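Report on the structure given below.
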Amino acid sequence: MGGCNFLDSSNDEPKEEDEPENEYTFKIDGEEWPTVSPEAEKKVESGQAEDVLSIVFTQSVLEEIHYIQKFTLTIPFDGEGTYSLNPHERETSNGRSREYGGRIYGSDHDVTISFHDPIPDSTNQVTITRYDEERGVIEGTWQGSFARRDYERDEFEHLYRLPDTVHVTDGEFKLYYEDFRD
């Protein structure tokens with residue numbers, strides 16, 4: 001289940017009255033996300049194909065540049081249960097090797113400015129509490145601690161929006177997805 005379908009909860013087009021809304025919240029270092037700017041645009045992307053589930057929480061902030069923060073959660077999906085967000089590889093059902101885990105990206109659209117990777121000894125996990133294949137609904141919780149990786153783009157350091165260490169707590173989501181498995 002790897003995400004090629006993306007559901008955007010911030011789409012400017014009017015939604016049908018019965019069209020479902022993605023719901024999600026989480027805290028960064030004890031504060032609701034996003035706290036960067038009131039102009040921040042939030043969206044969530046989710047999808048699945050093969051045996052991979054990818055969820056991306058995105059925040060865009062228009063300031064000096066179009067700055068984008070993405071929290072990506074990629075797990076080897078086997079249904080309801082708890083999955084590690086620490087980086088690991090696993091063979092997919094089609095015999096390919098795939099990397100899984102969580103990561104925070106910062107970019108200005110086409111240039112990656114910063115990475116935050118999971119801190120190995122922390123509780124970095126996503127728990128799928130509801131998986132309704134018939135309705136295309138997935139619900140769960142997540143948490144993790146992430147540290148900024150040394151990166152060769154120090155000229156962008158003044159654009160970093162997150163501290164060197166980030167603790168995500170109280171993560172909850174209810175997402176509508178499209179299944180691309182055969």
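Each reported figure results from applying straightforward, stated rules to the coordinates on display, with no laboratory input. Small disclaimer: the values here were computed from a predicted structure and weren't measured. FYI the Cβ positions are ideal-geometry reconstructions off the backbone, even for glycines, and counts take in every protein chain you see.
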inquiry  = Expected output is a single nm value to one decimal: the length gained when fully extending between ARG130 and LEU162, i.e. 0.36 nm times separation in residues minus the C-alpha distance. What is it?
reply    = 8.4 nm
note = Taking Lys and Arg as +1 and Asp and Glu as -1, residues besides THR82 with C-beta under 14 Å from its C-beta add up to -2
